[in-house]
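Okay, so here's the structure we're looking at.
The values are calculated or read from the model by the stated rules, or taken from the named source; none is laboratory data. In this text the structure is predicted, and so the values were computed from the model without any measurement. No Cβ is skipped: glycine too gets one built from the backbone with ideal geometry, and neighbour counts run over all protein chains shown.
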There are 4 protein chains.
Amino acid sequence: MPSPKTIEALRAFTAERDWAQFHSPENLAKSIVIEAAELLECFQWNDAPNQRKVEDELADVVTYCIHLAGVLGVDLDEIVLRKLAQTRAKYPVEKARGRATKYTELEP
Amino acid sequence: MPSPKTIEALRAFTAERDWAQFHSPENLAKSIVIEAAELLECFQWNDAPNQRKVEDELADVVTYCIHLAGVLGVDLDEIVLRKLAQTRAKYPVEKARGRATKYTELEP
Amino acid sequence: MPSPKTIEALRAFTAERDWAQFHSPENLAKSIVIEAAELLECFQWNDAPNQRKVEDELADVVTYCIHLAGVLGVDLDEIVLRKLAQTRAKYPVEKARGRATKYTELEP
Amino acid sequence: MPSPKTIEALRAFTAERDWAQFHSPENLAKSIVIEAAELLECFQWNDAPNQRKVEDELADVVTYCIHLAGVLGVDLDEIVLRKLAQTRAKYPVEKARGRATKYTELEP
């Protein structure tokens, strides 16, 4: 992921504006956390925000994630699945089932 | 996006651990910003961090974005392209070209 | 604020380690959001975290805020009170009372 | 810290609007990270933002930190100094001098 159509649309958007010069990994990492906080702002004072607003803010986070993946030269599906394998090992089903406990605090 | 394989892997991971109960939109929004800040931490004091570490932290952000999209019932490609259309309108090529100026501050 | 004792303790801590070189406004801004996300992590899956842990994470946020105020040459009490005057104007008591509505969405 | 005048001004501001009901520790933690990201936004694409804008965003972060300290019943100077003592132990001068290396990666 994302689809070739999405990759091409974002690439064209950036190229038309000559914005690749601003897309250093660090600037993109800042942008991801800035957009993630705007997503959280939907939930700042209540837990039932406008769905369309939430979708738009989530889209902003993912847009910068796609840009960063492009700059890093990685595929998002690949790194998500690779990380999932690590997370599976940290959270064995028999210890983690039904519990939101950080792996560092799961009993051995 | 993501690929059906990734969606199914994340769904199974969550189901095996009975973790869907923790995946409210608000909790996932908090998780996205927490992981985004861990990604930024790679760049806290320098701009050339370990690439593998950056990829792993980016994967964590995207993983929670996929979970949130699932809970919201939306497709990430769709909302990214829909938002891109709005952003295109806010940043016309002739005004935004080569400039990292917020749309609210672009001259009319 | 902070107290002269706190200012001096942080100044000495930084000087002993020759860390002022890392304390650019941008690096401190990144550090503040990174520590703020660690504070939020206390509340990621539950709303009743360990009080001492919350205090320690809040202390980290405020520590970097003090460093940034020092680099900017401003007093935190002064800028908080100056901003409060602006916020008072945005949220008139008669409109904002008992409502967590953003000022941009308060009825005129 | 903060000064009694600042504490009283923030307390009165909140009381007049009947907003204490929204100031749960979790909501304040969300608010701190949201404001911290707005501070970071000053540095999103450049490292020389408008000083007044930076001061105002820093003030927002500290305002919520003061609210959270009030709800927790702690003094910010006290917790900052207590945390500093721990950080001193993690970063001995002879190992940390002039190096922005995380304590977990300092050589023994």
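Quick notes on this one:
- Residue within the range B:83-96 that is of a type in the set (A, V, I, L, M, F, W, C), within 20 Å of the chain's Cα centre (by Cα) and more than 30 Å from D:R99 (Cβ to Cβ) present: yes
- Test for B:Q51: is it of a type outside the set (D, E, K, R) and outside the structural domain of B:T104 (by TED's automatic domain parsing): yes
- Screening A:L68 on (1) crowded, with 22+ Cβ neighbours inside 10 Å; (2) more than 14 Å from the chain's Cα centre (by Cα) shows it passes everything except condition (2).
- When every residue of the range B:39-50 is checked against the conditions, at least one turns out to be of a type in the set (D, E, K, R), surrounded by fewer than 20 Cβ atoms within 10 Å (Cβ to Cβ) and out of contact with any strand residue (DSSP E or B) (no Cβ under 9 Å at 6 or more places or on another chain).
- Some residue of the range D:79-90 being closer than 25 Å to C:R88 by Cα and surrounded by fewer than 21 Cβ atoms within 10 Å (Cβ to Cβ): no
So that you can scan it fast, the table gives a plain yes or no per residue for (1) touching a residue at least 24 places away in the same chain (Cβ under 8 Å); (2) farther than 20 Å from D:A36 by Cβ; (3) touching a His at 6+ places or on another chain (Cβ under 7 Å):
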site	(1), (2), (3)
C:C65	yes, no, no
C:A69	no, no, no
C:D75	yes, no, no
C:R82	no, no, no
C:T87	no, no, no
C:E94	no, yes, no
C:G98	no, yes, no
C:T101	no, yes, no
C:T104	no, yes, no
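- Answer residue from the range A:8-22, given it is touching a helix residue (DSSP H, G or I) at 6+ places or on another chain (Cβ under 7 Å) and of a type outside the set (D, E) and is surrounded by the most Cβ atoms within 10 Å (Cβ to Cβ) among those: A:R17
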